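Okay, so here's the structure we're looking at.
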Amino acid sequence: MKDTLKTATLTLNGQTYELPVLSPTAGPDVIDIRKLYAQAGVFTYDPGFTSTASCDSTITFIDGDKGELLHRGYPIDQLAEKSHYLEVCYLLLYGELPTAAQLEDFETRVTRHTMVHEQMQNFFRGFRRDAHPMAIIVGVVGAMSAFYHDSTDINDPWQREVASIRMIAKMPTICAWAYKYSIGQPFVYPRNDLDYASNFLRMCFAVPAEEYEVNPILARAMDRIFTLHADHEQNASTSTVRLASSSGANPFACIAAGIACLWGPAHGGANQACLEMLREIGTVDRIPEYIERAKDKNDPFRLMGFGHRVYKNFDPRAKVMKQSADEVLELLGIEDNPTLQVAKELEKQALSDPYFIEKKLFPNVDFYSGIILEAMGFPTSMFTPIFALSRTVGWISQWKEQLSDPAHKIGRPRQLYLGETRRDYVDIENR
Ligand code: SDX
């Protein structure tokens, strides 16, 4: 970052402090408060980090007002249309679009790491059959450090690279096996002759009893969904990965922490919650009732798949997802899918309602994704695992970026303490 030589002046308790202002290549200037506590003896207070930059990064940039999402400078709508997920993975990991030779080498390396240590199957079998796939995936990914110990030394660049490839390569297998386990079907092994998205669909839907032909249109839609979820600046789960990594934790433990955070319905769990909400609404005539509930401060109900901390305009991913939903459902001959009709009417009514307009609430990435995934045959419990699969490259890219910064240190926020001041212990007979 460039020091702008501009400063922000803080006057406190009769003292004046000049704080450096740093300028980004895009987005707002940043006031550097790293020395504030040492100089002024005060903390800043920003629970939820609404006005706080936790790090510097060169990977992804979001312009919330314009509704723009850039990965290494390339707009998400262009990547979704012209690129494919493993090429986007290369871009996020290494900073530039690959040449044909680089892409072929990268895809070969990922393909050769898609198998999972055979003994890890015992982990899956330790869960109840009705365990949520996210519970299984958190456990299995966390346990990877016990099976892939030769890529856990974060100070070895080669081990960091191997761990990165292993995570990206094995998540589809782990997610597919979590699904298979939950429906009592045998695990299906990856195949090296299939592309990344086709391999995942086959591992989810093939059975030993008959051949499974991957529908190329569904594979393309699956690949696009992976791309649309790949990375998103310092969202809650990525920040979790960075904080876990700052203590020196191994990459698999850090990714497991990110998966656990993503599961929440305010974050990656919203795609499952959104589809369940659309099903609960059921018919278009019940939409006004739910919009009123979402506006009612006394009702905890929120429109799932709506709103975003950063986007105060359309989430560009939601636009692409909506187009993809139309394509996939038309292909499957279910364009009159009632859930899609409710979603489109709900979006129309919400976007014309003063409450949503004033609060700048638009559909986000989770609003349409569930409709496509359900049409592909996935149960709602697999929606967030697919988000986690897609976001693994973003977590890993941000993890690598943080570790490559020699100045990085353990994250240790302070607090605004509102508890009791010092007092002496009182024996029980005197209480
Ligand atoms: C993801 O951070 C990322 O980048 C995340 C993500 C990624 O790719 O990593 O984009 C993925 O997590 C998308 C978001 C998925 N979550 C949902 O769809 C759940 C529903 N959305 C909300 O819970 C909410 O919009 C959040 C959590 C997404 C954002 O919340 P903020 O930024 O903390 O905003 P807020 O809660 O302060 O809301 C501002 C106002 C509030 O009203 P007031 O208190 O000011 O009167 O808007 C209201 C909220 O009540 N509001 C909603 C609403 N979202 C916000 N009201 C009704 N329905 C909603 N969905």
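The values are calculated or read from the model by the stated rules, or taken from the named source; none is laboratory data. It should be emphasised that the depicted structure is a prediction, and the values quoted were computed from it without experimental measurement. Glycine gets a Cβ as well: all are built from the backbone with ideal geometry, and neighbour counts include every protein chain shown. The accessibility values were calculated without ligands, DNA or RNA, using every heavy atom of the protein model including side chains. Shrake-Rupley method; radii C 1.70, N 1.55, O 1.52, S 1.80 Å.
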Worksheet, complete the sentence: With Cα coordinates, the longest principal axis of the chain makes an angle with the long axis of helix 236-246, in degrees rounded to 10, of 70 degrees
Worksheet, complete the sentence: Long-range amide H partners of L361, meaning residues 5 or more apart or on another chain whose placed amide H is closer than 5 Å, are none
Worksheet item: Mind checking the angle between helix 133-147 and the chain's longest principal axis? C-alpha axes, 0 to 90 degrees, to the nearest 10.
Response: 80 degrees
Worksheet item: For all pairs of alpha-carbon atoms in region 77-153, what percent lies in each bin of width 10 Å, listed from the first bin to the last filled one?
Response: 15, 32, 29, 22, 2
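Could you check how much of the accessible area of region 29-103 is carbon and sulfur, as a whole percent, using a 1.4 Å probe? Present the calculation step by step, with values, prior to reporting the outcome.
Values: 2260 of 4340 Å².
On region 29-103, the fraction of accessible area on carbon and sulfur atoms equals 52 percent.
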Practice prompt. Enter the accessible area of I137 (Å², nearest 10), with the probe set to 1.4 Å and all protein chains included.
Written response: 0 Å²
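Once you have a ≥ b ≥ c as the square roots of the Cα gyration tensor eigenvalues for region 49-92, tell me rounded if a/c is under 1.5, and otherwise prolate or oblate according to whether a/b is larger than b/c.
Values: a/c = 3.39, a/b = 1.64, b/c = 2.07.
Verdict is oblate for region 49-92.
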Response to the item:
Checking region 116-153 for trypsin sites (Lys or Arg not before Pro) in a loop per DSSP with at most 11 other beta-carbon atoms within 10 Å yields R128, R129
Discussion item. Just to verify a number: FRET efficiency for D193 and A100, C-beta to C-beta distance, R0 = 22 Å, to 0.05?
Written reply: 0.70
Item to complete: Could you tell me what fraction of 2.2 N^0.38 Å the Cα radius of gyration of region 249-344 comes to, as a two-decimal ratio?
Response: 1.30
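If you roll a 1.4 Å probe over region 238-322 with all protein chains in place, what percent of the accessible area is carbon or sulfur? Don't skip to the answer; put the middle values down first.
Values: 1950 of 3560 Å².
Looking at region 238-322 in its full context, I get 55 percent from C and S.
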Worksheet, complete the sentence: For T60, the residues 5 or more places away or on another chain with a placed amide H closer than 5 Å to its own amide H are R72, E233
Worksheet item: Roughly what percent of Cα-Cα pairs across the chain reach past 30 Å?
Response: 48 percent
Worksheet, complete the sentence: Counting only DSSP loop positions in region 339-369, the trypsin sites (Lys or Arg not before Pro) whose Cβ has at most 15 other Cβ atoms within 10 Å are K359, K360
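Hey, what's the chain come to in accessible area per residue, 1.4 Å probe, Å²?
Details: 21440 Å² over 431 residues.
Result: 50 Å² per residue.
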Fill in: For region 4-33 versus region 57-105, the gap between their alpha-carbon centres in whole angstrom
32 Å
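With the Cα gyration tensor of region 139-262 giving a ≥ b ≥ c as the square roots of its eigenvalues, does the rule (a/c under 1.5 for rounded; else a/b larger than b/c for prolate; else oblate) give rounded, prolate or oblate? Present the calculation step by step, with values, prior to reporting the outcome.
Working: a/c = 2.06, a/b = 1.70, b/c = 1.21.
Prolate shape, in that a/c is at least 1.5 and a/b is the bigger ratio.
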Fill in: Check: region 300-395 dipole with +1 on Lys, Arg Cβ and -1 on Asp, Glu Cβ, in debye
600 debye
Fill in: Label point distance in nm, N122-Q323, each placed 7 Å from Cα along Cα→Cβ
4.9 nm
Discussion item. I need the trypsin sites (Lys or Arg not before Pro) found in region 160-244, filtered to DSSP loop residues with at most 14 other beta carbons within 10 Å of theirs.
Written reply: R191
Worksheet, complete the sentence: Tilt, helix 196-205 to longest principal axis of the chain (alpha-carbon atoms), in degrees rounded to tens, equals 60 degrees
Worksheet item: From the backbone phi of region 253-264, what are the Karplus-calculated ³J(HN,Hα) couplings (6.51 cos²θ - 1.76 cosθ + 1.60, θ = phi - 60°) in whole Hz, Gly and Pro given as x?
Response: 5, 5, 5, 4, 5, x, 5, 4, 5, 4, 4, x
Worksheet entry | Cα centroid of region 303-328 to Cα centroid of region 184-262, whole Å | 20 Å
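Ignoring any ligand, DNA or RNA, what whole percent of the accessible area of region 339-431 comes from carbon and sulfur when the probe is 1.4 angstrom? Don't skip to the answer; put the middle values down first.
Details: 2550 of 4840 Å².
It is 53 percent, rounded to a whole number.
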Worksheet item: Starting at 0 and stepping by 5 Å, how many percent of the alpha carbon pairs of region 119-204 end up in each bin?
Response: 3, 14, 24, 21, 18, 13, 5, 1, 0
Fill in: Dipole of region 10-121, positive direction: furthest Cα of T60, A38, T99, with charges on the beta-carbon
A38
Item to complete: Let me know the charge dipole size of region 256-313 about its Cα centre in debye, to the nearest 20, where only the beta-carbon of Lys, Arg (+1) and Asp, Glu (-1) is charged.
Response: 280 debye
Discussion item. Could you check the spin-label model distance between L416 and F49? Points 7 Å from the Cα along Cα→Cβ, value in nm.
Written reply: 1.9 nm
Item to complete: Quick one: dipole size for the chain, taken about the Cα centre, charges +1 on Lys/Arg Cβ and -1 on Asp/Glu Cβ, in debye to the nearest 20.
Response: 1000 debye
